[in-house]
1. Which ones in segment 169-209 are within 15 Å of residue 154 (Cα to Cα) and modelled with pLDDT of 95 or more?
2. For segment 110-129, give me each residue that is farther than 16 Å from residue 202 by Cα and at pLDDT below 85.
3. What pairs come out if I take residues in segment 140-162 that are closer than 14 Å to residue 104 by Cα and pair them with residues that are in a loop (DSSP other than H, G, I, E, B) and at pLDDT below 95 whose C-beta lies under 7 Å away, six or more apart or interchain?
4. Taking segment 209-224, which residues are touching a strand residue (DSSP E or B) at 6+ places or on another chain (Cβ under 8 Å) and farther than 16 Å from residue 178 by Cβ?
5. Show me the strands (runs of 3 or more DSSP E) found entirely inside segment 143-218 where at least 1 residues are in the same structural domain as residue 112 (by TED's automatic domain parsing) and surrounded by fewer than 17 Cβ atoms within 10 Å (Cβ to Cβ).
């Protein structure tokens, strides 16, 4: 999945460069047409204008390449933690700093589908879904988790958990079950909330009914590394369309 993201980024770079060249060429053609209609513009002035436009096109191409490289880097991440702010509490909350302490580990996995099923449940009932992972994560946050990681990947305020079938897409990477979710915080409170929360109840019920894996383990020490997926600076927020 990471390779696919890089491919799209490279394609975007080529499209951007072509668009910039086309725009500059259009400007050059329009300018030249105006010059030919002017009697007092000689070949020397026209040649200078062409040189200026060629130089401008080159600068635009270079800018397009640089911006496309930045987009590709932000999409794929460079494998290095985001720079810290100097404030320990802010760095921990934003995911810029690694965290270690007591917590819990939750494991979710698909259920085996019997060949001679006697129920009327659809086949995808036996699969871990996006809402199941989100229910665990949201319960952890509500129970006071200081940091959460899914498949070892640190979550931030801008992380998006998305599933296609039983394949998890997170931070430009793909994962298959079992899904392991770690959280740091009050381990007893986290475990109690996970086992009683109305958010996790639908999954827990199916786990008892058809054998989906539902494991909650308290741990004396959990380490969650800093986020390494690129920039985590919020630059824009979506408009609600209000006036």
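The values are calculated or read from the model by the stated rules, or taken from the named source; none is laboratory data. This is a predicted model, so every value here is computed, not measured. Using ideal geometry, Cβ is built from the backbone for each residue, glycine included, and neighbour counts are taken over all protein chains shown.
1. Result: 179, 180, 181, 182, 183, 184, 185.
2. Correct list: 113, 114, 115, 116, 117, 118, 119, 120, 123.
3. 148/155; 149/155; 150/161
4. Answer for segment 209-224, where residues must be touching a strand residue (DSSP E or B) at 6+ places or on another chain (Cβ under 8 Å) and farther than 16 Å from residue 178 by Cβ: 218, 219, 220, 221, 222, 223, 224.
5. Details: elements: 147-150, 162-164, 167-170, 173-175, 179-184.
In segment 143-218, the matching strands (runs of 3 or more DSSP E) lie at 162-164, 167-170, 173-175, 179-184.
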